[in-house]
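Here's the structure, in structure tokens; my notes come after.
Derivation of every value follows stated rules applied to the coordinates shown; laboratory data play no part. A quick note: this is a predicted structure, and the numbers were derived from the prediction, not measured. Please note: Cβ atoms are built from the backbone with ideal geometry, for glycine as well, and neighbour counts cover all protein chains shown.
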């Protein structure tokens, strides 16, 4: 039924809980999981504003920051990749820069996934309340089924 799953993660507790749901889909015909980690462009740019005020060259700082965040993201994804491979899935990793909800929807189209499985809230609940939830945006605009895993 859901042959290819997109699993966007920010490594929050609820996104880790979503991983258990994905593993349970193995017996329903799921073959591939695409793990997506989005480096939030807004956060990096806000940090760079502070750096500019400190008199540091922003372009170089931002390039180095993105490089480090990308390396960190790949390191964080490795245990998840191993866990999914052990469960018998083909796994693909994507690390993208941008706005999380937009990148999730971009990858949904690019990879032609069958469904998206994600947590209901990310690491920053206050930010989601003020700026709009990533999961709500994905639910609203996704062309594919979305399984949202709640915290409790």
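A few remarks follow.
- Simple spin-label estimate for residue 57 and residue 17 in nanometres, 7 Å along Cα-Cβ: 4.6 nm
- Neighbour-count order for 6, 105, 147, fewest beta carbons within 10 angstrom listed first: 147, 105, 6
- For the stretch 57-100: rounded, prolate or oblate by the Cα gyration tensor [a/c cutoff 1.5]: prolate
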